[in-house]
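These notes are about the structure you will find just below.
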Amino acid sequence: MSPATDIRLERSINLLFPIAVGGAIAGVLDMVPAFISYGLKAPQGVAAGLIGPSAAFRGGIITWIFGMLLHFLIAFVVAAIYCVAARRLPFLVDYWLVCGLLYGTAVFLFMNLVVLPLSALHMAGPYQLRWLIEGIVGNMVEIGLPISFTCTSLRNDQ
């Protein structure tokens, strides 16, 4: 391997840590209130977005596991997007607190205005103000901040 290849490999490995940790923390923090609000069937609600509600809630443990895997896949993808962007845009690392709060808001808006309406659930407004505020603040704290904070480890990797 050439020295340039070694550097690229090391930078890729360094990128995996914040993606894995940030995605895992965000996934757990996002699922806890879902369990509180919707009970133990919350992961099947996630699966319902892909396979439809009747199949998801009739599927038992298989669709529960599928929903959890899907939920964490989304969390890791969201973390990867932020971390890859932070590699190119250093202000995402330098101002992680503000950027994390904004990123959590952006994730909430994308999931609720793009993903859910296109999913098998076809969920789209009208939205209640209380639900919107809770959702945005929740995503800021549960998703945006853990992901942006874990990406601060990229500061020395620029």
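Let me confirm something: among 46, 137, which residue is touching a residue at least 12 places away in the same chain (Cβ under 8 Å) and β-branched (Val, Ile, Thr)?
Details: 137 fails: touching a residue at least 12 places away in the same chain (Cβ under 8 Å).
Step by step, each of 46, 137 is checked, and only 46 is touching a residue at least 12 places away in the same chain (Cβ under 8 Å) and β-branched (Val, Ile, Thr).
If we only count helices (runs of 4 or more DSSP H) wholly inside segment 60-153, which ones have 1 or more residues that are of a type in the set (Gly, Ala, Ser) and touching a Phe, Trp or Tyr at 6+ places or on another chain (Cβ under 9 Å)?
Details: elements: 61-88, 91-94, 96-110, 129-139, 145-150.
Qualifying helices (runs of 4 or more DSSP H): 61-88, 96-110, 129-139, 145-150.
Tally up the residues in segment 87-111 that are surrounded by 14 or more Cβ atoms within 10 Å (Cβ to Cβ) and at pLDDT below 95, please.
1
Quick check on residue 23: is it in a helix (DSSP H, G or I), closer than 19 Å to residue 81 by Cβ and touching a residue at least 12 places away in the same chain (Cβ under 8 Å)?
Yes; evaluated as a whole, the condition is true for this residue.
Spot the failing condition for residue 79; the list is (1) under 19 Å from residue 139 (Cβ atoms); (2) surrounded by 17 or more Cβ atoms within 10 Å (Cβ to Cβ); (3) out of contact with any Gly (no Cβ under 6 Å at 6 or more places or on another chain), and only one is missed.
(3)
The values are calculated or read from the model by the stated rules, or taken from the named source; none is laboratory data. This one's a predicted model, so the numbers in the text were calculated from it and none came from an experiment. A quick note on method: Cβ atoms are made from the backbone with ideal geometry, for glycine too, and the neighbour counts reach across all protein chains shown.
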